[in-house]
1. Output the residues belonging to the range 71-90 that are modelled with pLDDT of 80 or more and open to solvent by 40 Å² or more (accessible area, probe 1.4 Å).
2. I need a count of the residues in the range 92-103 that are at pLDDT below 70 and open to solvent by less than 70 Å² (accessible area, probe 1.4 Å).
3. Does the range 59-68 hold any residues that are open to solvent by 70 Å² or more (accessible area, probe 1.4 Å) and modelled with pLDDT of 80 or more, and which are they?
4. Quickly run through the range 1-58 and pick out the residues that are within 12 Å of the chain's Cα centre (by Cα), open to solvent by 70 Å² or more (accessible area, probe 1.4 Å) and modelled with pLDDT of 90 or more.
Amino acid sequence: MEELTADLDPDKFSIVLDHQPQDYEAQAEAGVDLVLSGHTHGGQLFPLMTIENHTDLAPDDRVYGYEKRGSTNFIVTSGISDWAIKFKTGCRSEYLMLEIDGK
């Protein structure tokens, strides 16, 4: 992440699209403003939706939702469906819309 963000202007709002939320520490250290992820599908299938975020059992930094670390905002969305299963079984489908007003 440090290498990817090295040439970014810190005065401009930066967004990282990271398919799977597994690198919060490096992203926060790089000082990006917003990280969007969605690989977890909100913990769609049982028992994944019952595993709390930030435990040793969770496969990712966060299964679903919003978190802020330092100045970096993280959002993991459940999305619309799964790649193989076209419906949700353990969480709601969602389409995320963000309004960003600048830095």
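1. Ser71, the sole residue that qualifies.
2. Residues that pass the stated criteria total 1.
3. Tyr66, Lys68
4. The answer is Ile15, Leu17.
The values are calculated or read from the model by the stated rules, or taken from the named source; none is laboratory data. Bear in mind that the values here come from a model prediction, so they are computed numbers and not experimental data. These area figures cover heavy atoms from the full protein model, side chains too; ligands, DNA and RNA do not enter into them. Shrake-Rupley method; radii C 1.70, N 1.55, O 1.52, S 1.80 Å.
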